[in-house]
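S.K.: The structure's right below; bear with me while I get my questions together.
The values are calculated or read from the model by the stated rules, or taken from the named source; none is laboratory data. Remember, predicted model here, so these are calculated numbers, not experimental data. Using ideal geometry, Cβ is built from the backbone for each residue, glycine included, and neighbour counts are taken over all protein chains shown. Note: areas computed on protein heavy atoms with side chains; ligands, DNA, RNA excluded. Shrake-Rupley method; radii C 1.70, N 1.55, O 1.52, S 1.80 Å.
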Amino acid sequence: MLVYGLLKGGREIVKKKCLERSSIVEVLFFYTLIGWILVLLIPGSAKDAMTFDVHFLPLVIVKSFVIFLAWILSFKAIKSMPVSMYGVLDMSRVIFATILGLTVLQESLSVGQMIGLPLVLMGLFMLRLFKSKKSTDDEHIDPRTVVLALFSCLLNSVSGLLDKILMKDMTSSQLQVWYMFFLVLMYGLYLLVSRTKINWKVISRNYWIVLLALMFIIADKALFVANGYPESKVTIMTLIKQSSCFVTILLGKLVYHEKNILKKSLCAAIVLAGILIAIL
């Protein structure tokens, strides 16, 4: 889960880099297509996928559609806001995932999680509580963009719940191959319906898309393997995922020279404290 979290944090920067040269629809389709092809090239993945029990196909399609919507919303949000700000907003999935884990999977919270969860939530909300009057990068964000980011977090939490359910009866290769296959179909259809004109010259030189695909399949592989362990819990895994905010905040400063990094780092430090208390 730590591997997933760190790669996820780096992905937010790479997404923004991809969108500097190509449209949202182009990036979504081609990085998903490249990722799916790379997964098929992993030795044994295609063969393993062919032993897939078709009874789980409807649930895999539902997961694909949830991610289809979630990624569209997250790409729209990250294109219009600082990546460090998006990284902190992304922590709100802790709330959604915890509720789903407790209500749907009947998971229970340990004493450490009961202490750690409020700390993680505190780190999220402190970003707005300690707003600096000199702030220039966070104050003018369209509220609709924030709503898009939060709704994307909700959908990603639903996807995380489905991962845990599906990985009880599937291998990581089977889930990765099939759900990405349906994603490629969905984004391909979206590409046609939206009548998006592909700039082949730019796409062929937008190497950030290839990097995004690589980070995506490695992170997802780690995520599915973690979900495959019977003792793993959605509530605790979601807390560990929030390690992504450190990478997002750091790279936001180094790559885009974003401001208010000290304030955001303080929020992230509180989140880290909550994660450590919850998992120890």
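S.K.: Is any helix in the chain, taking whole DSSP H runs, at least 18 angstrom long along its axis by alpha carbon and on average at least -1.0 on the Kyte-Doolittle scale, and which ones?
M.R.: Within the chain the helices that satisfy the rule are 2-19, 24-41, 57-79, 111-129, 143-166, 172-193, 208-228, 261-279.
S.K.: If Rh is defined by the Kirkwood formula over all Cα pairs and Rg also comes from Cα, what ratio Rg/Rh do you get for the chain? All intermediate terms of the calculation are to be shown ahead of the outcome.
M.R.: Numbers: Rg = 18.5 Å, Rh = 19.2 Å.
Rounded to two decimals, Rg over Rh is 0.96.
S.K.: Largest first, what is the accessible-area ranking of R195, R93, R21, R144 with a 1.4 Å probe?
M.R.: Greatest to least solvent exposure: R195, R144, R21, R93.
S.K.: Would you give the gap between the C-alpha center of region 96-116 and the C-alpha center of region 153-220, rounded to a whole Å?
M.R.: What the calculation gives is 28 Å, centre to centre.
S.K.: Moving to a separate point now. Take F65 and R205, extend 7 Å from each Cα along the Cα→Cβ direction, and tell me the distance between the two endpoints in nm.
M.R.: Between F65 and R205, the label points sit 4.0 nm apart.
S.K.: Over the chain, what is the relative contact order in percent, taking alpha-carbon pairs closer than 8 angstrom and at least six residues apart?
M.R.: Computed over the chain, the figure is 45 percent.
S.K.: Can you spot the lysines whose alpha carbon is less than 23 Å from K263's alpha carbon? Ignore those fewer than 8 places along the same chain.
M.R.: The qualifying lysines are K8, K16, K79, K131, K133, K134, K241, K253.
S.K.: Tell me, what is the per residue accessible area of the chain in Å², probe radius 1.4 Å?
M.R.: 46
S.K.: Against the empirical 2.2 N^0.38 Å scaling, what ratio does the C-alpha Rg of region 45-93 come to?
M.R.: 1.66
S.K.: So, R0 is 25 Å and r is the distance between the beta-carbons of V193 and I37; what FRET efficiency does that work out to, to 0.05?
M.R.: E between V193 and I37, to the nearest 0.05, is 0.60.
S.K.: Same structure, new question: Over the chain, what percent of the accessible surface lies on carbon and sulfur atoms, probe 1.4 Å?
M.R.: Exposed carbon and sulfur together represent 72 percent of the surface.
S.K.: Which one, S244, A222, I42, is farthest towards the positive end of the dipole of the chain when Lys and Arg carry +1 and Asp and Glu -1 on their Cβ?
M.R.: Looking along the dipole axis, the top candidate is S244.
S.K.: Another question, if that's okay. Is the shape of region 192-280 best called rounded, prolate or oblate, per the rule: a/c under 1.5 gives rounded, else a/b larger than b/c gives prolate, else oblate, with a ≥ b ≥ c the square roots of the Cα gyration tensor eigenvalues?
M.R.: oblate
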